[in-house]
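The block underneath contains the structure these notes are about, expressed in structure tokens.
The values are calculated or read from the model by the stated rules, or taken from the named source; none is laboratory data. Values in this document were obtained by computation on a predicted structure and should not be read as measured data. Cβ coordinates were reconstructed from backbone atoms using ideal geometry, including for glycine residues, and neighbour counts include every protein chain displayed. Each accessible area value is taken on the protein alone, full model and side chains, heavy atoms only, with ligands, DNA and RNA left out. Shrake-Rupley method; radii C 1.70, N 1.55, O 1.52, S 1.80 Å.
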Amino acid sequence: MTHLFSPSLDSERKHDEPREAIIRFDKVSKTFRSGDGEHAALHDISADIFPGSIFGIIGLSGAGKSTLVRLINGIEQATLGEVIVEGQKLSQLNARQGRKLRTTIGMIFQSCNLMPSRTVRDNILLPLQDKDLSREEREQRVDSLLELVGLSGRERAYPNELSGGQQQRVAIARALANNPRILLCDEATSALDPATTTSILDLIRTINRNTGVTVVMVTHQMSVIKHVCDEVMVLDHGTVVEQGSVYSIFVNPHDALTRTFIETTSNLGRINDLIHADNPAITIGKRQRLIRLQYSKEDVSEPLVSLMTARFGVLVNILLSDIESIGGRPIGGLVATIEGSAENIESALDFLRKKDVRVEVIEHV
Amino acid sequence: MFDIVARWFPHVVEYRGEFISSIWETAVMVGVSGAISLVSSLILGVLLVTTPKGGLLAAPLCNRVLSYAINVLRSVPFIILAAALVPLTRALTGAALGLRGAIFPLVVGITPFFARQVEAALMTIPSNLIETAYSMGFTPWKIIRRVYLREGIPALAKGTTITMVSLIGLSAISGSLGSGGLGDFAIRYGYQRFMFDATLASVIVLLCMVGFVEFVGKIVVDATTRQ
Ligand SMILES: Nc1ncnc2c1ncn2[C@@H]1O[C@H](COP(=O)(O)OP(=O)(O)OP(=O)(O)O)[C@@H](O)[C@H]1O
Ligand SMILES: [Mg+2]
């Protein structure tokens, strides 16, 4: 609902001069009208996507993610508000200008959408057909794209002769054929196994770093966001519940949905499974509490726990601990039981909070 | 060999000149009206698929009118349609009989059916392929050419085969209106003059033609299907 740009986020931006957004959603709403009435798919969305960044959109099924990216290249039109791409208000473009803009935006779909009757080469050639290029230039472009996506030698195969991951690579090559300034990925990896997903995401990130293409990445997996995105928007039932840099959102998620997403990627999320499974490792006695800690400076963890134990006379038993790197910066966390008098536990936790550790007491089920 | 043929098909042998030219006439009738109908059916079929609400060339009213007209034409039995078209045929081609007179009613008779076959074939193309082409900034015409007509080739080949078989049937019916061809031959000799072997020989040749069309159709479908 609100745009939770924490102050720390602004200081994280590397560029000091104000940047011009390449894609801007300005109070965008989208309502579908069908036979049996209206359906509000998106409500009052505002966001800036900056050139060269990888912008993630995450949400549950039906949240409106696909609708939102499809507004960017005009497959859908906003009912209210304005989508501005490279300074152009989409609602004010005529058909020809719209087509011209679309040639500069590549799109990758979950289902690849390769043309089944065309070979890999012809699929990649498709967006190049209207370009003023010589035959050799075209062929060279296809060859270099095939090499980029690691499919050299398969150019004469038909899509049905390729694996899902290979098909998605062809789709990436095709989306990049026109040297787009924007690459839209709608669940590009959802149908793939984890190893293939990682290789596709790495490929997209490499391309982003090398060409500066702005990437908008729709997903329902937080691991995808963690792996490649710089910024993220969390969508729930057509509204933005959280938005900011991926790091800031991992460190300090405000919305319950965001926390749920984060827990799916973190080892600490496993505590919920253990609780649900009534695992004997986490039977909690009278004088015990189950806590989850999260800290963003790796050096603080161990000393803090030791300090706390010594100073407040509490016992800490670590059940799970985790440290991971997001955008090259560490985030650590642990789940532990803490034992002592209620008073001592409270002061110990206060001590942690003062040290910028996020503390959560997990209520027992 | 010739003896056996002469024993079983005495009248066909007797009128072999006419028999052979009627085979040729049927081939020309089916070929020419099929080719003309193919072009008009592709246009109509594309319009049927692209003009509904939300389509590439959305024009819902046009779509409804077209669809209704096709249904009306399809519901008229061919023999009646051909008879009703005689004045128009004569005005257009200068003849109501013979090859020249036969082609126009055949085109009118088969096109509504063919257009529906084309429509059904083009509907098999997943909408996300159309969307993909749209997202590349293609014009509607380019989407039609590069996706509908190109990706639809296997399904179009199937529909064309079915249509050609029906067209061979229609060409034989139009024989009863004096169009020439194998239908005409079978009626004039086999039916009116009780030369049963003339009918039998016509049937065999028509079956061979159908078989040939289906054979070619299958080759095209098999060569282009990539699923
Ligand atoms: N063309 C349409 N007509 C009517 N309603 C639609 C249309 N497209 C989407 N919707 C509705 O809008 C909502 C958002 O759909 P959308 O496809 O954007 O969700 P999503 O977040 O991409 O979900 P998923 O993760 O399942 O792909 C859904 O409730 C859907 O039913
Ligand atoms: Mg979706």
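From the C-alpha coordinates alone, can you work out the Kirkwood hydrodynamic radius of region B:1-80, in Å? That comes to 16.5 Å for region B:1-80. For region A:23-254, give me the percentage of DSSP beta bridges that are antiparallel, rounded to the nearest 5 percent. Of the beta bridges lying entirely in region A:23-254, close to 50 percent run antiparallel. Go ahead and collect, in residue order, the members of region A:235-265 whose backbone nitrogen is under 17 Å from a label point 7 Å along the Cα-Cβ direction of A:S190. Answer for region A:235-265: A:235-239, A:261.
Split the accessible area of region A:268-362 by element, probe 1.4 Å, and carbon with sulfur accounts for 49%. Note on A:T79/B:A84: beta-carbon distance plugged into 1/(1 + (r/R0)^6) with R0 of 60 Å gives a FRET efficiency of 0.75. For B:M195, nonlocal amide neighbours, meaning residues 5 or more places apart or on other chains whose placed amide H falls under 5 Å from its own, are B:G190.
Our analysis of region A:11-111 gives Rg over Rh at 0.98, with the two radii drawn from alpha carbon positions and Rh computed by the Kirkwood formula. The H on the amide N of A:E76, modeled in the peptide plane, is under 5 Å from the matching H of A:L71, each at least 5 residues off or on a different chain. Here the protein assembly as shown is assigned +1 on the Cβ of each Lys and Arg and -1 on the Cβ of each Asp and Glu. Its dipole about the Cα centre then comes out at about 1760 debye. Relative contact order for chain B: 26 percent, from Cα pairs under 8 Å spaced at least 6 residues apart, divided by residue count. The residues of region A:268-362 have, on average, 54 Å² of accessible surface per residue, using a 1.4 Å probe with all protein chains present. To the nearest 10, the accessible area of A:S347 is 50 Å² with a 1.4 Å probe. On the beta carbon distance between A:Q97 and A:Q140, with R0 = 30 Å, the FRET formula returns roughly 0.50. The tail of the calculated P(r) for chain B beyond 21 Å holds 61 percent of all Cα-Cα pairs. Working from the Cα coordinates of region A:268-362, the gyration tensor eigenvalues give, after taking √(5λ), semi-axes of 21, 19, 9 Å in decreasing order. Across chain A, Cα pairs under 8 Å and at least six residues apart give a relative contact order of 18 percent.
With both residues required to sit in region A:174-317, DSSP beta bridges show an antiparallel share near 55%.
Treating each Cα of the protein assembly as shown as one equal point scatterer and applying the Debye formula with no solvent, the log10 of I(q)/I(0) at q = 0.07, 0.08, 0.09, 0.10 Å⁻¹ comes out as -0.62, -0.74, -0.85, -0.95. Couplings for region B:218-224, taken from phi via the Karplus curve 6.51 cos²θ - 1.76 cosθ + 1.60 with θ = phi - 60°, read 5, 4, 5, 4, 4, 6, 10 Hz in order; Gly and Pro are left as x. Counting only protein heavy atoms and using a 1.4 Å probe, the accessible area of A:H227 comes to about 60 Å². Only DSSP H runs of four or more residues enter the estimate; each adds -39500 (n - 2.57), and after division by the residues of the protein assembly as shown the mean residue ellipticity at 222 nm equals -15500 deg cm²/dmol. A probe of 1.4 angstrom, applied to the heavy atoms of all protein chains, finds A:E324 with accessible area near 40 square angstrom. Taking only the C-alpha atoms of region A:23-254, Rg followed by Dmax gives 17.8, 54 Å. Which distance in Å, rounded to a whole number, links the C-alpha centroids of region A:127-162 and region A:302-365? Each part's Cα centre sits 54 Å from the other's. Only protein heavy atoms count here, probed at 1.4 Å, and on that basis chains B and A bury about 2100 Å² of accessible area in total.
Inter-part distance, region A:210-275 to region B:188-219, computed on C-alpha centroids, equals 71 Å.
Couplings 3J(HN,Hα) of region B:128-138, computed from phi: 6, 6, 5, 4, 4, 5, 4, 5, 8, x, 6 Hz, in residue order, whole Hz [Karplus 6.51 cos²θ - 1.76 cosθ + 1.60, θ = phi - 60°; x for Gly and Pro].
For A:T239, the residues whose modelled amide H falls within less than 5 Å of its own, excluding neighbours fewer than 5 places apart on the same chain, are A:H43. Going from the isolated chain to the complete set of protein chains, region B:109-131 loses at least 30 Å² of heavy-atom accessible area (1.4 Å probe) at B:N128, B:L129, B:E131. Dimensions of region A:232-301 based on its C-alpha atoms, expressed as ranges along the principal axes with the largest first, amount to 41, 34, 20 Å.
If R₀ is 22 angstrom, what is the calculated FRET efficiency for the pair A:S347 and A:R259, using the beta carbon separation as r and rounding to 0.05? My answer for the efficiency is 0.30. With both bridge residues required to lie in region A:258-354, what share of the DSSP beta bridges run antiparallel, to the nearest 5%? Bridges in region A:258-354 are about 100 percent antiparallel.
Residues of region A:107-133 that bury at least 20 Å² of accessible area when the other protein chains are present, relative to the chain alone (probe 1.4 Å, heavy atoms, ligands and nucleic acids excluded): A:F109, A:N113, A:M115, A:P116, A:S117, A:R118, A:L126, A:P127, A:Q129, A:D130.
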